[in-house]
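Okay, structure first, notes after.
Here, each number is a calculation from the coordinates, and none is a lab measurement. Predicted model, so just to flag it, every value in this text is computed and none were measured. Glycine gets a Cβ as well: all are built from the backbone with ideal geometry, and neighbour counts include every protein chain shown.
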Amino acid sequence: MDFSALTACGEDCTGCKKRQDGLCPGCIEADGYVPEWAESGRCRVHACAREHGAQFCGVCPEFPCEKLPQLIHRNPDIVKHLKELRDGYIKEKPLG
């Protein structure tokens, strides 16, 4: 997996139709300011990960935090998903 394309919330925008059609620049490239969040400003998940110096939530020193289920409410299994991504990331790039 190309972890450099992984967003703060654990999505991979590589095959995203909106991105391919030019409707979204991608969270990483736009520093969290994407059309879907235009009304609320910068994506709160992206902003939080950057504040903690983490590429994505799974590698944040505070993971899993109590804010996570509210920030990523669209995925009820978000903690499990991010743990799996973290485990893959650690195998490729040991934390330290």
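Descriptive notes on the structure:
- The charge dipole of the range 3-92, taken about its Cα centre with unit charges on the Cβ of Lys, Arg, Asp and Glu (plus for the first two, minus for the last two), comes to roughly 80 debye.
- Nearest-ten-degree value, helix 78-92 long axis tilted from longest Cα axis of the chain: 70 degrees
- Taking other Cβ atoms within 10 Å as a rough exposure proxy, His46, His81 sort from fewest to most as His81, His46.
- Mean Cα-pair separation over length for the range 13-71, i.e. relative contact order, pairs under 8 Å, 6 or more apart, %: 17 percent
- Residues of type lysines that Lys93 reaches as a straight line, Cα spacing below 17 Å, ignoring anything fewer than 8 places off in the same chain: Lys83
- Among Asp12, Asp77, Asp31, the residue with the largest mean-square fluctuation in a Gaussian network model of the chain, with springs joining Cα atoms closer than 10 Å, is Asp77.
- Rg/Rh ratio calculated on Cα atoms of the chain (Kirkwood radius): 0.95
- Based on DSSP H segments of at least four residues, each scored -39500 (n - 2.57), the chain has a per-residue ellipticity at 222 nm of -8500 deg cm²/dmol.
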